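The values are calculated or read from the model by the stated rules, or taken from the named source; none is laboratory data. As the structure is a prediction and not an experimental result, all values here were calculated from the model. No Cβ is skipped: glycine too gets one built from the backbone with ideal geometry, and neighbour counts run over all protein chains shown.
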Amino acid sequence: MSDLELIRVISDQLPARPLSVLVHLLDGCSEKEIAQKLDLSVHTVHAHVKHLHQHFGVQTRGELLAKVYKRMFAALRAINDLTNP
């Protein structure tokens, strides 16, 4: 399972653009860097980040990343448990 597939699984099937923003946030990019990489305005990226906060029920970027990493770890553990009974 690729990183993108894993993120898609733990993100409850987010639409493509917010998912792309999330992947770049996980890579440590700023909103300005994400805007440049995805050819979007910083305002649009900020709106996607706000949507991600709402989607995951968090207030800050740190909480967002922590929640996503926690879900990724749980998904990896479940995959490991299925493949190594």
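Taking every residue in the stretch 24-48 that is more than 18 Å from VAL68 (Cβ to Cβ) and pairing it with any residue that is small (Gly, Ala, Ser) and exposed (fewer than 14 other Cβ atoms within 10 Å of the Cβ), at least 6 positions away or on another chain, the pairs with Cβ-Cβ distances below 7 Å are ALA35/SER41. May I ask you to list the residues in the stretch 42-85 that are modelled with pLDDT of 80 or more, assigned to a helix (DSSP H, G or I), aliphatic (A, V, I, L, M) and out of contact with any Phe, Trp or Tyr (no Cβ under 9 Å at 6 or more places or on another chain)? VAL42, VAL45, ALA47, VAL49, LEU52, LEU65, ALA66, MET72, ALA74 - these are the residues of the stretch 42-85 that are modelled with pLDDT of 80 or more, assigned to a helix (DSSP H, G or I), aliphatic (A, V, I, L, M) and out of contact with any Phe, Trp or Tyr (no Cβ under 9 Å at 6 or more places or on another chain). For the stretch 54-66, state whether one or more residues are surrounded by 11 or more Cβ atoms within 10 Å (Cβ to Cβ), without any contact (Cβ under 8 Å) to a residue 24 or more places away in the chain and of a type in the set (D, E, K, R). Checking the stretch 54-66: at least one residue is surrounded by 11 or more Cβ atoms within 10 Å (Cβ to Cβ), without any contact (Cβ under 8 Å) to a residue 24 or more places away in the chain and of a type in the set (D, E, K, R).
Consider only pairs whose beta carbons are under 9 Å apart and that are at least six residues apart or on different chains; among these, list those whose first residue lies in the stretch 67-85 and is aromatic (Phe, Trp, Tyr) and whose second residue is modelled with pLDDT of 75 or more. Taking only residues 6 or more apart or on different chains, the pairs are TYR69/LEU26.
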